[in-house]
Amino acid sequence: MPTATKSRLIDVKIDIPKGDRENLVAILNQQLADTLDLYSQIKQAHWNVKGLGFQQVHLLFDDQAEIFEGFADMLAERVALLGGVALGTVRMAAASSRLPEFPADEHAVPVFLELVRDRVAAYAKSNRAAIAAVAKIDEPTTEDLLTEVSRGTDQQLYFLESHLY
């Protein structure tokens, strides 16, 4: 699987050792790539969904995209605060994302709900792995940020699954 590349850190005065900051930036940039990809895939679903229940699901996807866009901003700003460079262009995210590509040949509400659900679930799992990796570095502020993302992601997963049962 592709992973976000390490970039050179600038000298900042935060009291986290440089080696730890390098590792944190790499973890955060990977999550940023996945988040931006997830955001764009949810927007793809929002723009193209068709069928019974369209209006409610169309609005759900738009609300979710906005939430994940906010998560991307938080992750990118943490990277910058740590002295790193946020790798957040569309091409950077696409090159590093671990999510499967969203199909271009589907449109039905139930199919899109399942496709988005599966990607949000995969993202939730990778975010928990990122929390565990940051816990090993023992940097509670970044861990807390990822925990906030995890709580919000779990809630969005719940909303998606509620439409499927």
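Some notes on this structure:
- Cβ-Cβ distances below 7 Å connect the following pairs, each with a first residue in region 50-71 that is in contact (Cβ under 8 Å) with a residue 12 or more places away in the chain and farther than 13 Å from PHE112 by Cα, a second residue that is in a helix (DSSP H, G or I) and among the β-branched types (Val, Ile, Thr), and a separation of six or more residues or different chains: GLN64/ILE42; ALA65/ILE42; PHE68/THR35; PHE68/ILE42; PHE71/THR35; PHE71/VAL149.
- Subset of region 41-75 that is of a type in the set (Gly, Ala, Ser) and surrounded by 19 or more Cβ atoms within 10 Å (Cβ to Cβ) - its residue that is nearest to the chain's Cα centre (by Cα): ALA72
Table: residues versus (1) touching a helix residue (DSSP H, G or I) at 6+ places or on another chain (Cβ under 9 Å); (2) in a loop (DSSP other than H, G, I, E, B); (3) more than 21 Å from GLY70 (Cβ to Cβ); (4) of a type in the set (A, V, I, L, M, F, W, C).
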| residue | (1), (2), (3), (4) |
| --- | --- |
| ALA86 | yes, yes, no, yes |
| LEU113 | yes, no, yes, yes |
| ARG117 | yes, no, no, no |
| ALA122 | yes, no, no, yes |
| ALA130 | yes, no, no, yes |
| ALA133 | yes, no, yes, yes |
| PHE159 | yes, no, no, yes |
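- Scope region 89-123; condition surrounded by fewer than 19 Cβ atoms within 10 Å (Cβ to Cβ), within 20 Å of ALA76 (Cβ to Cβ) and not charged (D, E, K, R); matching residues: THR89, VAL90, MET92, ALA94, ALA95
- Being within 21 Å of ARG151 (Cα to Cα), in contact (Cβ under 8 Å) with a residue 40 or more places away in the chain and among the acidic types (Asp, Glu) is a description that does not apply to ASP118.
Where a number appears in this text, it was derived from the coordinates with a stated rule and is not lab data. Since the structure is predicted, the reported quantities are computational estimates derived from the model, not experimental observations. Glycine gets a Cβ as well: all are built from the backbone with ideal geometry, and neighbour counts include every protein chain shown.
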